[in-house]
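As structure tokens, the structure follows; a few thoughts come after it.
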Amino acid sequence: MLMPVSRIASVCHDRGVLVVVDGAHCPGQLDLNIERLGVDFYTGNLHKWGFSARGCAVLWIDPKFHNVIRPLITSHHWNTGKPMIEFTTQGTNNYSSYQSVPQAIKFYKDIGGHEAIDKYNRSLLAKAVDYLTEKWGTCKLDIPASMEAPFLRLVKLPPIAGFSASTDDSERLRLKLLEEYKLIQYIFPVQGELFIRLSCQVYNEISDYESLGDAIQELSKRT
């Protein structure tokens, strides 16, 4: 969900509360300018929508806190007051994923940048949602359109025998889709119903969601 981060930050700061944002899915999905948000700390993954290697993320710290934030691991350059150096020198950690970032950014720009990616993903996602809700006779999660993430939707699953709307059963169903149909999905219980999360990226096409639709429909017909 998209949240009014700047407004929330303003309210918090009026009350002397620091603001830490976990923007895991934001870099690459949103046209993001962290410095304009008015928050104190911001972290977001680069591998989810930014095409970098897994385990690669960004940590932004308001300059006024640069001299007080320290990494958990005490290593070279500790206590220098320079987060860029301190956080990128963490003992024997493998830093190879960070080396993928320049090429990931280049790829992002080469395929059209945010405008082209946003246009393709939003269009495909809308088609996928319409296709699956009609096929399954269900609906997407009802939240305000202004709060919907650009490339993500939750769609309600039809009843499937043997699977209740519990966390354990949602995980069992996720593994069943992976093992039997080679489909990687995330499923969540929401208000007594199971919902599946749709993600759209430029390497997806409508046939991916047609395969998902067929798999769920087949499971829903089993007794």
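Between residue 114 and residue 222, the FRET efficiency from the beta-carbon distance, with R0 = 45 Å, is close to 0.60.
Please compute the net charge surrounding residue 192, taking Lys and Arg as +1 and Asp and Glu as -1 over other residues with Cβ under 13 Å from its Cβ.
-1
Normalising the average separation of contacting C-alpha pairs (under 8 angstrom, six or more residues apart) by the number of residues puts the relative contact order of the chain at 15 percent. Charge dipole (Cα centre; +1 on Lys/Arg Cβ, -1 on Asp/Glu Cβ; no other charges) of the range 128-223 amounts to roughly 140 debye.
Short-range pairs are left out: with C-alpha atoms under 8 Å and at least six residues apart, the relative contact order of the range 7-105 is 21 percent.
Name the residues of the range 104-137 whose amide N is less than 13 Å from a point 7 angstrom out from the Cα of residue 202 along the C-beta direction? Of the residues in the range 104-137, 104-122 have backbone N under 13 Å from the label point off residue 202.
Shown in residue order for the range 209-217 are the 3J(HN,Hα) couplings computed by the Karplus curve 6.51 cos²θ - 1.76 cosθ + 1.60 at θ = phi - 60°: 7, 5, 5, 4, x, 5, 5, 5, 4 Hz (x for Gly and Pro).
The accessible surface of the chain, taken with every protein chain in place and a 1.4 Å probe, is 54 percent carbon and sulfur. With helices as the sole contributors, the chain gives -11500 deg cm²/dmol at 222 nm; each DSSP H run of n ≥ 4 counts as -39500 (n - 2.57), and the sum is divided by every residue. Here's the list of lysines a cross-link from residue 135 could span, going by alpha-carbon distance under 18 Å and ignoring same-chain residues fewer than 8 apart: 127, 156, 221.
Note on the chain: with a GNM built from Cα contacts shorter than 10 Å, the maximum mean-square fluctuation among 160, 69, 105 falls on 69.
Can you tell me the FRET efficiency between residue 161 and residue 22 if r is taken as the Cβ-Cβ distance and R0 is 30 Å, rounded to the nearest 0.05?
On the way: r = 37 Å, r/R0 = 1.22.
That gives a FRET efficiency of 0.25.
For the range 1-149, compute Rg over Rh where Rg is the Cα radius of gyration and Rh is the Kirkwood radius from the inverse mean 1/r over Cα pairs. With Rg and the Kirkwood Rh in hand, the quotient comes to 1.04.
Whenever you get a sec, line up 171, 148, 86 from highest to lowest accessible area (probe 1.4 Å, protein heavy atoms).
Details: 171 80, 148 25, 86 5 Å².
Largest accessible area first, the residues go 171, 148, 86.
Hey, what's the chain come to in accessible area per residue, 1.4 Å probe, Å²?
Ligands and nucleic acids excluded, the result is 61 Å² per residue.
Suppose each label sits 7 Å from its Cα in the direction of the beta carbon; what would the residue 82-residue 190 distance come out to in nanometres? Here the answer is 4.6 nm between the modelled labels.
The values are calculated or read from the model by the stated rules, or taken from the named source; none is laboratory data. Since the structure is predicted, the reported quantities are computational estimates derived from the model, not experimental observations. FYI the Cβ positions are ideal-geometry reconstructions off the backbone, even for glycines, and counts take in every protein chain you see. Side chains are part of the model used for accessible areas, which takes the heavy atoms of the whole protein and leaves out ligands, DNA and RNA. Shrake-Rupley method; radii C 1.70, N 1.55, O 1.52, S 1.80 Å.
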